[in-house]
Every structure is written in C-alpha cells, then in structure tokens.
1. Determine whether residue 30 is surrounded by 14 or more Cβ atoms within 10 Å (Cβ to Cβ), assigned by TED's automatic domain parsing to the domain that holds residue 257 and out of contact with any Lys or Arg (no Cβ under 6 Å at 6 or more places or on another chain).
2. Does the range 58-65 contain any residue that is among the acidic types (Asp, Glu), closer than 22 Å to residue 163 by Cβ, free of Cβ contacts under 8 Å to residues at least 60 places away in the same chain and surrounded by 13 or more Cβ atoms within 10 Å (Cβ to Cβ)?
3. Taking only the range 91-120 into account, find how many residues are under 20 Å from residue 32 (Cα atoms), hydrophobic (A, V, I, L, M, F, W, C) and over 17 Å from the mean Cα position of the chain (by Cα).
4. Report, by residue number, each residue of the range 21-71 that is in a strand (DSSP E or B) and either touching a Cys at 6+ places or on another chain (Cβ under 6 Å) or of a type outside the set (Ser, Thr, Tyr) (or both).
5. When the residues of the range 121-132 are filtered to those that are more than 30 Å from residue 234 (Cα to Cα) and modelled with pLDDT of 90 or more, which remaining residue is farthest from the chain's Cα centre (by Cα)?
6. Which members of the range 263-305 meet the condition of being among the β-branched types (Val, Ile, Thr) and either in contact with an Asp or Glu (Cβ under 9 Å, 6 or more places away or on another chain) or closer than 16 Å to residue 101 by Cβ (or both)?
7. Would you point out the residue of the range 193-204, among those that are of a type in the set (A, V, I, L, M) and in contact with a helix residue (DSSP H, G or I) (Cβ under 9 Å, 6 or more places away or on another chain), that is surrounded by the fewest Cβ atoms within 10 Å (Cβ to Cβ)?
8. Return yes when residue 232 is under 27 Å from residue 35 (Cβ atoms) and either modelled with pLDDT under 95 or touching a helix residue (DSSP H, G or I) at 6+ places or on another chain (Cβ under 8 Å) (or both) and no when it is not.
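The values are calculated or read from the model by the stated rules, or taken from the named source; none is laboratory data. From a predicted model like this one, the values you see are computed outputs, not experimental measurements. Ideal geometry is used to build each Cβ from the backbone, glycine not excepted, and the neighbour counts take in all protein chains shown.
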Amino acid sequence: MSFADAVRAQQSTAPVIGYLGSGIPADQVSLVAATRDGLKESGFIEGQNLRIESRWAEGKYDRLPGLAAELVERRVALIVAAGGSDPGRAAKGATSTIPIVFVSAADPIRAGLVASLNRPEGNVTGISLIGSTLEAKRLELLHEMIPQTSTIGVLINSKYPEAKAQTQEVEDAKSRLGITPIVLNASTEQEMAAAFGAFVEQKAGAVLACNDPFFGSYREQLASLALRHKLPAMSFRREFAEVGGLLSYGPHFAEGYRQAGLYAGRILKGSKPADLPVVQPTKFEMVVNLKTARAIGLTISESFLLRADEIIE
C-alpha cells in the first residue's frame, strides 16, 4: 500500500465531528482554529485522523435546529455547538445520545443546557464563558474611564437569548453607578446605524455593545460607526479593540474554544460528557486602543491604562 493509500484508508475510518456555529464563518476563523488546537493537543488532527463537518447559521438563529438535525442525520461522533446558547440547545433538541460540547457566554443552567456545572447530566457538557453576565462590569469600566459621562448608549440584540437578562443587568447598574442608560435594540446593520444616530441625538457620551455573536460578527461596522460619530465604544471581545474599537472587556474567547477542543478530544477517547464538569474562565482581559482614543479626542487617565491587560498604540 502506498503512503497516499494509507492516508486515504486512515481518513475513511477517522471519526467525524460536527461543528454547529451561530455566527459567520469568516468571523470565527480564529476561534475554530483554537478548537482545532485543542483537538490536536488531544491527538486528533483534521485531515489525518479526524474529519470536521461544519454548519453555520450566519446569525439566523432559527436555522440552528435544522442544521443540528443535519449533523445528527450524518451520524457524527460528537457535536461542538458554539456561539451563544442557541447552538447547544438546538443540538440538545436534536439528539440525546450524540455527545455535545457547547461554547456559550450565557449561563448554561439558566439556558437549559445542563442541570449542574459540576455534574452535567446526559450527553451535554462544555465551556461557559459567562460573558453575558458582565454587562454591569463593562458599564462600570466605561464610566470609570469617562467619569464625566453619565449618559451611555447600550446596544442589545433582542433576538439573543440572554437579552432580557442583559437588560436587567443594565437596569441594576443604573442606580449603583449613577448613570442614565439609553437601551436600543439592534439585530441588523441598518438598526445599528440608526441606533448610533439616536445616541448622538440623545447626547450619549459613550456606547456599550452587549455580549452577543451578532455584535461580535459585526465588530468592524461597530468600530467604524463609533469612530465616525466620535463616540467611545466598548464591547466584549478583544477583536473589537483590535479592529479599531476603543475598549473591550471579557474572557479570553480563544482559550475557551481551545478547551472545547480538549473536551471533544477526551470524549472521542471515551470520556462521558456527564463526567466532565462545565469549564468556566478564571481570567478576564481588558484591551484599550489608544490610537482610537486619540482619533476621537479622548484622554484616558494613566491610572486606568495601568489596569489594561493590553494597550494598542
């Protein structure tokens, strides 16, 4: 048997895992790569002893149940469900036997993914990035960075499962921080642009885009709108600051996706999802884009900058 024949034979017997994502593939390249890194650390390399079938909802959450059903029909060995709690719920609704590893910023118990973090039941476990429970902290950081600003625009996607909880967090932070939030819904590019216009009209001094795969996918548009209107803006992924947004605060998403790959590898080797506790982040990072601050005429105090994990010059 030639080497090429041996490789083909190995590939034909390699396990196939499904990757179910809520977002846009081009936006998720680095996160999918991090999942592959975790799989590689577990001894599974795509194209050699592993195959991956991907399904992407591209922000249309109602497509997820159908896409999950496709992967189940394909009889994949495991499903990685990433980008909010909806992919995990869709996968869980489609199968009670195929192992599922979710990656979600939502509370997995409240989202109905698992009954317990330490002892998840059935065929589901995963990574909880708890990014959706940090909106009050983000508002606090934004207010500390610009203490002269009391009116802050808040973008929430009403189609995101955690939207109601995020709205409540903003409301809870209102009296504690002494701020006036202007909460607007945006689930399309047009609605984002309209919201920024409304923020300017209502004299908002800053903008927070809440944790949501949609805002993650459209981070460049968000950063561009904020720069055009000279509004300090904050979001949840470091990539927002990397593409020109002013400030980001949240868990290290790539590390969470790498851990999902590690869990997937352990399950392929025989571990049961119910025996793998849900992983939560232990580190959160703040990234400040100083170039953007200068472009919008904002001076940030030295004491605040010292708290940043990374400063983009």
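1. For residue 30, the condition - surrounded by 14 or more Cβ atoms within 10 Å (Cβ to Cβ), assigned by TED's automatic domain parsing to the domain that holds residue 257 and out of contact with any Lys or Arg (no Cβ under 6 Å at 6 or more places or on another chain) - is not met.
2. Looking through the range 58-65, at least one residue is among the acidic types (Asp, Glu), closer than 22 Å to residue 163 by Cβ, free of Cβ contacts under 8 Å to residues at least 60 places away in the same chain and surrounded by 13 or more Cβ atoms within 10 Å (Cβ to Cβ).
3. 2
4. The answer is 21, 46, 50, 51, 52, 53, 55, 56.
5. For the range 121-132, the residue satisfying everything is 122.
6. 267, 278, 279, 287, 288
7. Taking the range 193-204 as the starting set, the residues that turn out to be of a type in the set (A, V, I, L, M) are 193-195, 198, 200, 204.
Remaining after also requiring in contact with a helix residue (DSSP H, G or I) (Cβ under 9 Å, 6 or more places away or on another chain): 193, 195, 204.
Details: 193: 16, 195: 23, 204: 25.
Here the answer is 193.
8. Judged against the criteria, residue 232 is not a match.
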